[in-house]
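S.K.: I have a structure here, written as structure tokens, and I will follow up with some questions on it.
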There are 2 protein chains.
Amino acid sequence: MSAPIDRFFSIIPAGGIGSRLWPLSRAAAPKFLHDLTGSGQTLLQDTWDRLIPLTPAERILVVTGEAHQEAVSEQLDGLIAANLVLEKSPKDSTAAIALAAAILAKREPDVIIGSFAADHVIVENSKFEKTVREAVEVAATGKIVTIGITPTEPSVGFGYIKTGDRIEGAETAREVVKFVEKPNIDKARRYVESGKYLWNAGMFIAPAKLLLEQLAKTEPALHAAIIEIAEAWDGPQRAETVARIWNNLKKVAIDYSVAEPAAAAGIVAVVPASFSWHDVGDFAAIAELQSQGRKGNLAVLGNAKVLADSSSGILVSESNRLIALIGLEDVIVVDTPDALLVTTKAHAQKVKSLVDALKATGHSDVL
Amino acid sequence: MSAPIDRFFSIIPAGGIGSRLWPLSRAAAPKFLHDLTGSGQTLLQDTWDRLIPLTPAERILVVTGEAHQEAVSEQLDGLIAANLVLEKSPKDSTAAIALAAAILAKREPDVIIGSFAADHVIVENSKFEKTVREAVEVAATGKIVTIGITPTEPSVGFGYIKTGDRIEGAETAREVVKFVEKPNIDKARRYVESGKYLWNAGMFIAPAKLLLEQLAKTEPALHAAIIEIAEAWDGPQRAETVARIWNNLKKVAIDYSVAEPAAAAGIVAVVPASFSWHDVGDFAAIAELQSQGRKGNLAVLGNAKVLADSSSGILVSESNRLIALIGLEDVIVVDTPDALLVTTKAHAQKVKSLVDALKATGHSDVL
């Protein structure tokens with residue numbers, strides 16, 4: 001068998017609207033299709049570029065909704081047509097990742113897959129590469145490997161990974177004792193103080209076969225359906241098979257279907273990330289990232305002509321309008337052709353409830 | 001001679017951009033062409049409706065810039081074509097009002113004119129009518145009469161009128177001792193406490209001849225030029241005369257050219273307004289007017305679809321965009337097709353400096 005890294009394939013699940021980033025992020029143009037860092041590239045493109053040193057284009061699969069086929073193809077010049085997996089409808093992370101794993105395993109049985117969300121921000125690409133290389137080596141020993149983020153604060157917005165003993169021979173990898181759900185603030189503080197917990201950023205590296213075996217144990221019906229679709233995927237029966245099976249696929253997060261049961265079975269390891277990571281879940285997070293800790297700055301994303309007088313926060317513009325801000329502290333202004341959001345960093349999380357309210361009041365045209 | 005009120009003509013100077021109301025108010029669409037009260041009418045239309053009970057359409061003159069001919073004609077159905085006086089370029093209030101007075105005096109020598117800005121807000125029209133009727137009676141005795149607003153606070157934004165003795169036989173009119181410029185806050189407090197000062201709202205009622213005589217004394221060259229234009233106005237030489245003279249007209253406010261010298265000469269009276277008056281000079285003033293003193297309200301002007309969560313202040317929209325506001329206190333949001341302003345009521349006055357900055361940076365396309 002060839003070296004683990006030569007059997008390694010990247011999967012980019014590109015889904016999730018990112019409601020807390022409305023009106024920028026929408027059903028028609030979700031978070032991963034936007035430049036949220038001012039890098040000049042979208043998060044999807046940044047993700048691609050980060051993976052290319054690990055897996056050449058032939059070994060990167062993107063899983064996304066049919067609605068995003070055009071945008072994804074446009075943004076990723078290098079993407080091989082056969083490696084774009086279109087979902088008929090969203091079926092949560094297990095279906096997306098397991099289908100990609102099963103398609104790849106059908107093509108090459110001994111692949112090791114890594115799943116990396118299309119909408120996270122990682123700035124130190126070389127450190128990312130180093131971490132993933134270690135994870136691939138550990139995965140090749142028969143483990144499902146996750147990458148854990150060292151907490152910078154007692155966040156209640158992430159799940160945590162309880163780490164165990166160092167894995168013999170590995171550089172930094174440890175056993176995973178268990179995954180824990182998003183905690184309350186007291187628990188989060190204890191987790192962080194203990195030094196034993198890492199944030200779960202939802203990155204998984206594993207032999208495709210091992211991941212599918214685990215799924216077969218916990219979700220046998222879903223596993224069988226996924227295998228049936230994967231078997232037909234590269235042949236003439238794809239459309240018929242998808243049409244017949246897809247709508248009945250169970251929606252379940254891969255954390256529940258694979259990661260937690262596998263941890264309980266003692267076959268999950270974690271490599272602590274050596275890179276800094278951001279999930280840019282809301283506009284306050286984007287503002288923080290943009291300002292790099294500098295207070296009193298106004299971050300600007302987009303092509304707006306801006307005139308700001310003693311204002312701080314973030315301005316995101318998809319219009320060419322002139323935008324004038326005067327005397328606003330920690331403001332969030334998101335200007336799009338058909339919708340405008342004005343709020344403050346302290347209220348950034350409330351954008352999700354606003355989107356719910358828009359749904360409830362029949363404003364789906366702007367969602 | 002007929003009764004004073006039957007010789008009374010209204011002049012509406014419709015000029016002034018209202019920089020502090022940018023980006024709503026612009027060179028191409030100044031303040032008076034907007035609905036700033038939510039009445040469903042523009043300030044110009046409100047002004048017209050307020051004057052109609054005093055002066056039928058045949059006796060209302062509008063003085064405005066050539067650029068606004070179409071908008072003014074559209075907004076004022078009743079305006080007689082011969083009563084629309086178009087200014088070749090803005091020449092301040094003396095030229096506007098004196099020219100209108102001179103044109104009217106040429107048509108009917110004994111007219112009494114009243115000048116009422118197109119961009120003020122007065123809500124109690126019947127009280128306004130009563131006040132003006134008294135002013136017309138006093139003017140007919142050979143006075144230049146102004147209408148004084150009883151101060152509701154020690155404003156530093158208005159000039160003040162120092163009142164003297166009651167005028168014999170008049171219901172409420174008093175002599176004017178002098179006009180004083182916008183004071184500092186200490187002076188403003190003393191003025192208001194004394195009970196002897198009223199705000200100068202720039203409304204003047206006077207026999208046209210008397211006003212022009214006063215101008216002849218203080219600004220003889222300007223007076224002569226105005227008379228020459230007025231003589232030609234209703235004849236075939238208007239265009240030639242305007243073309244020859246207009247650009248050289250001196251720019252001077254009528255307060256300096258007529259009101260102050262006339263007060264010094266003892267021929268100015270004031271009728272205290274029985275109505276409430278607002279100059280809606282900035283968005284904070286509009287927000288105050290809209291909220292009628294209720295705290296925590298969000299006033300909305302325009303057709304925006306608005307979703308507001310615990311926000312107060314004012315939203316002015318000229319777009320059809322959906323606008324979402326979350327957790328903003330005393331905010332000002334002004335949304336127009338090509339420019340967006342976000343600020344707070346506390347910073348409403350700074351909009352003028354912003355407009356100056358836009359001028360300086362070559363953004364005249366949005367001014």
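S.K.: When the residues of region B:53-78 are narrowed to those that are among the β-branched types (V, I, T) and within 14 Å of B:A118 (Cβ to Cβ), which ends up surrounded by the most Cβ atoms within 10 Å (Cβ to Cβ)?
M.R.: B:V62
S.K.: Now for a different question. For region B:191-234, what are the residues that are surrounded by 21 or more Cβ atoms within 10 Å (Cβ to Cβ) and more than 21 Å from B:V268 (Cβ to Cβ)?
M.R.: Passing the criteria: B:A225, B:I229, B:A230.
S.K.: In region A:204-213, what count of residues is obtained for those that are under 14 Å from A:A253 (Cβ atoms) and either in contact with a Phe, Trp or Tyr (Cβ under 7 Å, 6 or more places away or on another chain) or free of Cβ contacts under 8 Å to residues at least 12 places away in the same chain (or both)?
M.R.: Total meeting the criteria: 0.
S.K.: Looking at region B:150-173, can you tell me whether even one residue there is more than 22 Å from the chain's Cα centre (by Cα), under 17 Å from B:T94 (Cα atoms) and surrounded by fewer than 16 Cβ atoms within 10 Å (Cβ to Cβ)? Break it down into steps so the answer makes sense when it comes.
M.R.: Within region B:150-173, the subset more than 22 Å from the chain's Cα centre (by Cα) is B:164-172.
Filter once more, keeping what is under 17 Å from B:T94 (Cα atoms): none.
No; the residues of region B:150-173 include none that is more than 22 Å from the chain's Cα centre (by Cα), under 17 Å from B:T94 (Cα atoms) and surrounded by fewer than 16 Cβ atoms within 10 Å (Cβ to Cβ).
S.K.: Under 27 Å from B:A27 (Cβ atoms), free of Cβ contacts under 8 Å to residues at least 24 places away in the same chain and in contact with a Leu (Cβ under 6 Å, 6 or more places away or on another chain): does that describe B:E66?
M.R.: When the stated conditions are applied, B:E66 passes them.
S.K.: Please find, within region B:10-25, the residue that is nearest to the chain's Cα centre (by Cα) out of those that are modelled with pLDDT under 90 and at negative phi.
M.R.: By that ranking, first place goes to B:G15.
S.K.: Being more than 30 Å from B:I326 (Cβ to Cβ) and in contact (Cβ under 8 Å) with a residue 60 or more places away in the chain narrows it down to one of B:I286, B:I229, so name that one.
M.R.: Among B:I286, B:I229, only B:I229 is more than 30 Å from B:I326 (Cβ to Cβ) and in contact (Cβ under 8 Å) with a residue 60 or more places away in the chain.
S.K.: Looking at B:L341, B:L315, which one is touching a residue at least 40 places away in the same chain (Cβ under 8 Å), farther than 30 Å from B:G164 by Cα and touching a strand residue (DSSP E or B) at 6+ places or on another chain (Cβ under 7 Å)?
M.R.: Being touching a residue at least 40 places away in the same chain (Cβ under 8 Å), farther than 30 Å from B:G164 by Cα and touching a strand residue (DSSP E or B) at 6+ places or on another chain (Cβ under 7 Å) holds for just one of B:L341, B:L315, which is B:L341.
S.K.: Now for a different question. Within region B:15-40, track down each residue that is touching a residue at least 12 places away in the same chain (Cβ under 8 Å) and touching a helix residue (DSSP H, G or I) at 6+ places or on another chain (Cβ under 6 Å).
M.R.: B:G18, B:S19, B:R20, B:L21, B:W22, B:K31, B:F32, B:L33, B:L36
S.K.: Looking only at region B:278-295, decide whether some residue is of a type in the set (K, R) and either closer than 30 Å to B:V138 by Cβ or in contact with a helix residue (DSSP H, G or I) (Cβ under 7 Å, 6 or more places away or on another chain) (or both).
M.R.: To start, the set of residues in region B:278-295 that are of a type in the set (K, R) comprises B:294-295.
Subsequent filtering for residues that are either closer than 30 Å to B:V138 by Cβ or in contact with a helix residue (DSSP H, G or I) (Cβ under 7 Å, 6 or more places away or on another chain) (or both) retains none.
No; the residues of region B:278-295 include none that is of a type in the set (K, R) and either closer than 30 Å to B:V138 by Cβ or in contact with a helix residue (DSSP H, G or I) (Cβ under 7 Å, 6 or more places away or on another chain) (or both).
S.K.: Can you name the residue in region A:218-252 that is part of a helix (DSSP H, G or I) and among the charged types (D, E, K, R) and, of all such residues, is farthest from A:T163 (Cα to Cα)? Outline the logic, then answer.
M.R.: We begin by selecting, within region A:218-252, every residue part of a helix (DSSP H, G or I); these are A:218, A:220-233, A:238-248.
Those left that are additionally among the charged types (D, E, K, R): A:228, A:231, A:238, A:240, A:244.
Numbers: A:E228: 36, A:E231: 36, A:R238: 41, A:E240: 44, A:R244: 42 Å.
Going through the qualifying residues, I end up with A:E240.
S.K.: Can B:A188 be described as within 30 Å of B:R20 (Cα to Cα), in contact (Cβ under 8 Å) with a residue 24 or more places away in the chain, out of contact with any helix residue (DSSP H, G or I) (no Cβ under 8 Å at 6 or more places or on another chain) and crowded, with 18+ Cβ neighbours inside 10 Å?
M.R.: yes
S.K.: So, in region B:214-235, how many residues would count as being among the small types (G, A, S) and within 13 Å of B:K251 (Cα to Cα)?
M.R.: Qualifying residue count, region B:214-235: 2.
S.K.: Could you count how many residues in region B:1-33 are part of a loop (DSSP other than H, G, I, E, B) and of a type in the set (F, W, Y)?
M.R.: 1
S.K.: Need a quick list: helices (runs of 4 or more DSSP H) entirely within region A:253-367 having at least 1 residues that are away from chain B (no Cβ under 14 Å) and buried (at least 19 other Cβ atoms within 10 Å of the Cβ).
M.R.: A:260-264, A:283-291
The values are calculated or read from the model by the stated rules, or taken from the named source; none is laboratory data. Everything quoted here is computed from the prediction, not taken from an experiment. Virtual Cβ from ideal backbone geometry, glycine too; neighbours counted across all protein chains shown.
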